[in-house]
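Here is the structure we will look at, set down as structure tokens.
The values are calculated or read from the model by the stated rules, or taken from the named source; none is laboratory data. Note that the structure is predicted; figures quoted are calculated from it, not measured. Cβ placement follows ideal geometry from the backbone for every residue including glycine, while neighbour counts extend to all protein chains displayed. Areas reflect the complete protein model, heavy atoms only, side chains present, ligands, DNA and RNA absent. Shrake-Rupley method; radii C 1.70, N 1.55, O 1.52, S 1.80 Å.
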Amino acid sequence: MQAAIITEYGGPEVLRIETQEDPQPAAHEVLLSVKAAGINRPDVFQRKGNYPAPPGVSNDIPGLEVSGIIKTLGKDVQGMSVGDEVFALLAGGGYATEVCVAAELCIPKPKNISFEEAACFPETLFTVWHNLFQRGNLKEGDQVLIHGGSGGIGSMAIQLAKLFGATVYTTVGSAEKAEFVKQLGADNVINYQEEDFEEVLKDKKINLILDSIGGSYFNKHIQLLEPDGRLIHINAVQGAKVELNLLKMMQKRIWISGSTLRSRDLNFKINLTLEIKNKILPFIESRKLVPAVTRVFPFEEVSAAHLFFDSPKQYGKIALKMYS
Ligand SMILES: NC(=O)c1ccc[n+]([C@@H]2O[C@H](COP(=O)([O-])OP(=O)(O)OC[C@H]3O[C@@H](n4cnc5c(N)ncnc54)[C@H](OP(=O)(O)O)[C@@H]3O)[C@@H](O)[C@H]2O)c1
């Protein structure tokens, strides 16, 4: 197979396509002929050496999500056939023409979404569903603040929150990105380069916040949240160490939680896949939920794709399209 390898930690240029031995599926796995792979921010952190793969997963091939066609079935796999079109969450290794994945993590690809769109679902959909809905308990009528609305996670979170009846406030870094998130359904957009979101939102009744920024945002969130509000962290790029006034948390009965998806065990991911198939697949089949794919790069241009992904102009999702 061909795989994009992190030859050393560094910039986009360290990614190089090399030939590797074809992977063989274990008994419970299928081998996919990959048609497209999605790019996520954690791939960049891995490329820079700041996000090692979990034990048992190759550290030199990034890629947390793919779509493709089943090429080989592991000997214990039932109910699936060679030729089935699927998309799947991975713990790594997606930037390749072939990859093995547990059969239970495969979701059938509806005919009316492209392979590039399908490849851009898993990492953001699974992360948002688990954090905003399972941990954050998003309900109809909630007022939700989603930071980084124009990113992969943010654009998925806005769409899902709207589908389930929430009012969405979101932060973006430019006027162009503000237009983009409005088209996705965001009700109120704050350009964090020009305005302080705490000041803008101080009279709103925010129940739930999805945050990957941390640092100075943390106490603004404690200040903004309504009683019984939920603050959910999926990263802390501005700083993971913060000071919390426990009294404020107790007085407002604020729930603080967070999680990282990649390191969760297979059982957890299988249960998440089942719930997503039941609750979300119908929205995908009817195209009510489609990832906001803004660029597709041929696989051989993986370095150019990362260069573009790293630029401040990038928004939405980027897919890599495999050769055939
Ligand atoms: N915990 C998990 O399981 C998990 C899983 C996947 C991803 N993540 C994390 O989630 C985050 C988003 O991932 P992604 O793939 O969606 O990345 P992405 O597409 O690069 O999106 C990141 C977003 O953050 C925004 N941003 C940067 N600084 C900001 C600030 N000070 N205030 C508000 N927004 C800011 C950027 O918006 P502008 O360009 O407008 O500045 C961008 O839209 C990453 O930190 C990633 O590591 C966590």
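If r is the Cβ-Cβ distance from S81 to L244 and R0 is 51 Å, what FRET efficiency results, to the nearest 0.05?
Working from the Cβ atoms, E equals 0.45.
Computing the accessible area with a 1.4 Å probe over protein heavy atoms, can you report the carbon and sulfur percentage for the chain?
In the chain, the share of accessible area belonging to carbon and sulfur is 50 percent.
Under the definition of Cα pairs under 8 Å and six or more residues apart, what whole-number percent is the relative contact order of region 124-258?
Dividing the mean separation by the residue count of region 124-258 yields 22 percent.
Based solely on its DSSP helices, what 222 nm [θ] is calculated for the chain when runs of n ≥ 4 H residues each add -39,500 (n - 2.57) and the sum is averaged over all residues, nearest 500 deg cm²/dmol?
-7500 deg cm²/dmol
Need the list of aspartates and glutamates near K35 for cross-linking: C-alpha distance under 14 angstrom, and skip anything on the same chain fewer than eight residues off.
E65, D84, E85, E98, E116, E117, E300
May I ask which residue of V290, I146, I113 lies farthest towards the positive end of the charge dipole of the chain, with charges of +1 (Lys, Arg) and -1 (Asp, Glu) on Cβ and the Cα centre as origin?
Towards the positive end, the residue furthest out is I146.
Ordered by residue, what ³J(HN,Hα) values in Hz, to whole numbers, does region 110-119 give under the Karplus form 6.51 cos²θ - 1.76 cosθ + 1.60, where θ = phi - 60° and Gly and Pro are x?
Running phi through 6.51 cos²θ - 1.76 cosθ + 1.60 with θ = phi - 60° gives x, 5, 8, 10, 6, 4, 5, 5, 4, 5 Hz.
Relative contact order, percent, of region 65-196 when contacts are C-alpha pairs under 8 Å separated by at least 6 residues?
Averaging sequence separation for qualifying contacts and normalising by length gives 17 percent for region 65-196.
Report the rotationally averaged projected area of region 124-258 based on its alpha-carbon convex hull, in square nanometres.
7.1 nm²
Please give the charge dipole size of region 124-258, origin at the Cα centre, charges +1 on K and R Cβ atoms and -1 on D and E Cβ atoms. Round to the nearest 20 debye.
Using Cβ point charges on Lys, Arg, Asp and Glu, region 124-258 gives about 480 debye.
What ranking do 167-180, 47-60, 116-129 get when scored by the average of other Cβ atoms within 10 Å per residue, highest first?
Descending packing order for the listed peptides: 116-129, 167-180, 47-60.
How large is Rg/Rh for region 1-122, to two decimals, with Cα atoms and a Kirkwood Rh?
Values: Rg = 13.9 Å, Rh = 14.4 Å.
Looking at region 1-122, the ratio lands at 0.97.
Counting DSSP beta bridges in the chain, what percent are antiparallel, to the nearest 5?
If we restrict to bridges inside the chain, about 55 percent are antiparallel.
Which of the residue pairs K111/K288; K71/K288; K111/K162; K241/K313; K182/K279; K75/K269 have a Cα-Cα distance greater than 18 Å in the structure shown?
Among K111/K288; K71/K288; K111/K162; K241/K313; K182/K279; K75/K269, the Cα-Cα distance tops 18 Å for K71/K288; K111/K162; K241/K313; K182/K279; K75/K269.
So what is the relative contact order for the chain, in percent, with contacts set as C-alpha pairs under 8 Å and at least six apart?
Working: 710 pairs, mean separation 59.2, N = 324.
It rounds to 18 percent for the chain.
Calculate, for the chain, the solvent-accessible area per residue in square angstrom, rolling a 1.4 angstrom probe over the heavy atoms of the protein chains.
Value returned for the chain: 44 Å² of accessible area per residue.
In region 265-324, if the dipole is taken from +1 on Lys/Arg beta carbons and -1 on Asp/Glu beta carbons about the Cα centre, which of H306, L274, M322 is farthest to the positive end?
Going by the charge dipole, the pick is L274.
Treating the beta-carbon of each Lys and Arg as +1 and of each Asp and Glu as -1, no other charges, what is the dipole magnitude of the chain about its Cα centre, to the nearest 20 debye?
Once rounded to the nearest 20, the dipole reads 780 debye.
Which order do the peptides 256-262, 143-149 come out in when sorted by mean C-beta neighbours inside 10 angstrom, highest first? Intermediate values should be presented prior to the final figure.
Values: 256-262: 16.4, 143-149: 26.1.
Descending mean neighbour count gives 143-149, 256-262.
Taking amide H positions as placed in the peptide plane 1.01 Å from N, state which residues far from G151 in sequence (5 or more) or on other chains have amide H under 5 Å from it.
For G151, whose amide H was placed from the backbone, the distant partners under 5 Å are G316.
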